[in-house]
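Asker: After the structure tokens below, expect a handful of questions from me.
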Amino acid sequence: HVSGWAIDPDTSSPIAVHVYTDGVFSTAVSSNGMRGDVASTYPGFSGNHGYVADFNVPTGAKQVCAYGINVGSGVNSQLGCVSLGGNPIASFDAAGLTHPGKITVAGWAFDPTDPTRSIPVHIYIGPVGTAISANLARADVNTLFGITGNHAFNAELDAAGGVQQVCAYAVNDTGPGSNVPLGCKTLNIPSGSPIAWIDRLSARVGAIDVSGWVIDPDSASSGQVHIYVDGVGYAVNADAWRGDLGAVIPRYLELYGPSHGFNFSVAVGAGAHSVCGYAVNIAGTGSNVPLGCRTVNAPSPEPFGSLDAAVGGYGSLSVAGWAIDPDTPNPTQVHVYVDGVGYAVNANAWRGDIAAAFPASGPLHGYSFSLAASAGNHQVCVYAINIAGAGSNQGIGCRTVTVVDGSPYGSIDWAISIYGQIGVSGWALDPDSNNPIPVHVYVNGVGVGVLAGDYRGDVAAVFGHGPLHGYTYIAPRASAAPQTICVFAINTTGTGSNTLLGCRVV
């Protein structure tokens, strides 16, 4: 059975192919069979350039050659020669790593002298050979060569670590011919010292936590690490589930399985501690691998926190910050002292930034507090309260806060007398509120209340308390004598007192 393809560049039509056996003409065929792969490689020609020839020959070793017959200029071309009927025909398809210390080889082989039999294949890993049998089914091989029987091999073999040459030979065990080398493949088989990583090393109140993973490339078994804390050693089994290792080190999850993680905690006192790690070599070549040393600080059990802000406003002051009791992730409490007077405040507001900085404590540790206060300077101090375990209340900051007078303010824009009437207009607002406030207008000592709720966009632009703060008052003139108009802005919210905006004579 001979098959292949042939093209003459002088024509796109199929050409003749002549086949010779031991130099003697055997048959002529046309290269008119469909070969899509040839058409895609040589797009200027059609896909009908494949040829197949089947003919009988006597038993024994044969030299079979095929020639493409020239059309136009040029000469006939030898397409190739193959020795048959003596040496085995075979292929070394694949060699790969399957498990630590194990490789798999695969391919096929048969002896054309008796193609119904399964023949041996010798696999050499370095200088060490192993005989296996090509006795597995391969329907595609049988179809291609028109034979029967089982001719595939697929075997798992032991292999030492390191770079290994894996070579295959098809063994001629019947009739004429000799063993056929099928080629060699190079494999880099993991071996040696452990591979490891410390993912997390952190301290909390009363303990240090260490986690990571370790793999000994000579073994699929779970590994071990030794952790030294202040010179005291602890043996830790690395047998925790770590399915993420497949993404970190490709193929290792498949080869070694997922049980290579470790988690370790040890009780310590507050302060600085030295932590060192070693990955232990449990099999094969290699040695223990140092993972480095670090100094971590275990926090004190005392509560701690921050006074982030302390500000004064119109008639009030406000403080904000966070506090943590390291003995518990629960919200704690702060005491706020203003001029020596204390107020208990829960520190339970969401603070995602604090959770990121202190993950063991969680996010519910923010506090805020506001208090009405008189104008002037006030001393504000905040204490984090110890609510669990050992420790005592801790001061976390003091500030001097200036409170501004919360009295209303405003303006008389105009006061006039015209056509038997008098009038006054302007604006007024209370800095403790955005709502309109009343003004009292006094004409020659007689008062009347007016709401300062007219639209004044200019006032909103300057003072930022909204636009509804304008007022206008018009009344009949009592007499021709001069009239005195006075306007008071009325304090309605927070601290402060009524404010005289001014007087006019009209």
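Asker: Please go through region 187-212 and pick out each residue that is β-branched (Val, Ile, Thr) and in a loop (DSSP other than H, G, I, E, B).
Answerer: Going residue by residue through region 187-212, those that are β-branched (Val, Ile, Thr) are 189, 195, 198, 205, 208, 210.
Matches in region 187-212: Val205 only.
Asker: Could you tell me which residue of region 21-49 is farthest from Ala66 (Cα to Cα), considering only residues that are open to solvent by 70 Å² or more (accessible area, probe 1.4 Å) and not in a loop (DSSP other than H, G, I, E, B)?
Answerer: Ser40
Asker: Check region 199-211 and report whether any residue there is surrounded by fewer than 17 Cβ atoms within 10 Å (Cβ to Cβ), modelled with pLDDT of 85 or more, small (Gly, Ala, Ser) and in contact with a His (Cβ under 6 Å, 6 or more places away or on another chain).
Answerer: Taking every residue of region 199-211 in turn, none turns out to be surrounded by fewer than 17 Cβ atoms within 10 Å (Cβ to Cβ), modelled with pLDDT of 85 or more, small (Gly, Ala, Ser) and in contact with a His (Cβ under 6 Å, 6 or more places away or on another chain).
Asker: Let me ask something additional. Could you count how many residues in region 431-479 are open to solvent by less than 40 Å² (accessible area, probe 1.4 Å) and without any contact (Cβ under 8 Å) to a residue 12 or more places away in the chain?
Answerer: Result for region 431-479: 2.
Listed here are the residues, each with its yes/no results for (1) closer than 30 Å to Val334 by Cβ; (2) of a type outside the set (A, V, I, L, M); (3) in contact with a strand residue (DSSP E or B) (Cβ under 8 Å, 6 or more places away or on another chain).
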residue: Ser392; (1), (2), (3): yes, yes, no
residue: Thr400; (1), (2), (3): yes, yes, yes
residue: Tyr442; (1), (2), (3): no, yes, yes
residue: Asp454; (1), (2), (3): no, yes, yes
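Asker: Show me the strands (runs of 3 or more DSSP E) entirely contained within region 233-339 in which 1 or more residues are touching a residue at least 60 places away in the same chain (Cβ under 8 Å) and either of a type outside the set (A, V, I, L, M) or under 17 Å from Ser219 (Cα atoms) (or both). Give the steps one after another, and end with the answer.
Answerer: Working: elements: 259-267, 271-279, 289-298, 304-312, 316-324, 332-338.
Correct list: 271-279, 289-298, 304-312, 316-324.
Asker: Can you tell me which residue within region 480-502, out of those that are free of Cβ contacts under 8 Å to residues at least 24 places away in the same chain and more than 27 Å from Ala372 (Cβ to Cβ), is most open to solvent (accessible area, probe 1.4 Å)?
Answerer: Taking region 480-502 as the starting set, the residues that turn out to be free of Cβ contacts under 8 Å to residues at least 24 places away in the same chain are 480-481, 500.
So of that shortlist, the ones also more than 27 Å from Ala372 (Cβ to Cβ) come out as 480-481.
Details: Ala480: 98, Ala481: 49 Å².
Of everything passing the filter in region 480-502, Ala480 is most open to solvent (accessible area, probe 1.4 Å).
Asker: Any idea which residue in region 133-186 is most open to solvent (accessible area, probe 1.4 Å), counting only those that are part of a loop (DSSP other than H, G, I, E, B) and at positive phi?
Answerer: Pass one, region 133-186, residues part of a loop (DSSP other than H, G, I, E, B): 134-135, 137-138, 146-151, 159-161, 171-179.
Of the ones still in play, those that are also at positive phi are 146, 149, 175, 177.
Details: Gly146: 69, Gly149: 29, Gly175: 53, Gly177: 49 Å².
The qualifying residue most open to solvent (accessible area, probe 1.4 Å) is Gly146.
Asker: In the set Gly362, Gly342, Gly395, Gly391, which member is open to solvent by 30 Å² or more (accessible area, probe 1.4 Å) and not in a strand (DSSP E or B)? First the steps, then the outcome.
Answerer: Values: Gly362 fails: open to solvent by 30 Å² or more (accessible area, probe 1.4 Å); Gly342 fails: not in a strand (DSSP E or B); Gly395 fails: not in a strand (DSSP E or B).
Answer to the selection: Gly391.
The values are calculated or read from the model by the stated rules, or taken from the named source; none is laboratory data. Computed from a predicted structure; not experimentally measured. Positions of Cβ are backbone-derived with ideal geometry, glycine not excepted, and every protein chain shown enters the neighbour counts. To get the accessible areas, we keep the full protein, side chains included, count just its heavy atoms, and leave off ligands, DNA and RNA. Shrake-Rupley method; radii C 1.70, N 1.55, O 1.52, S 1.80 Å.
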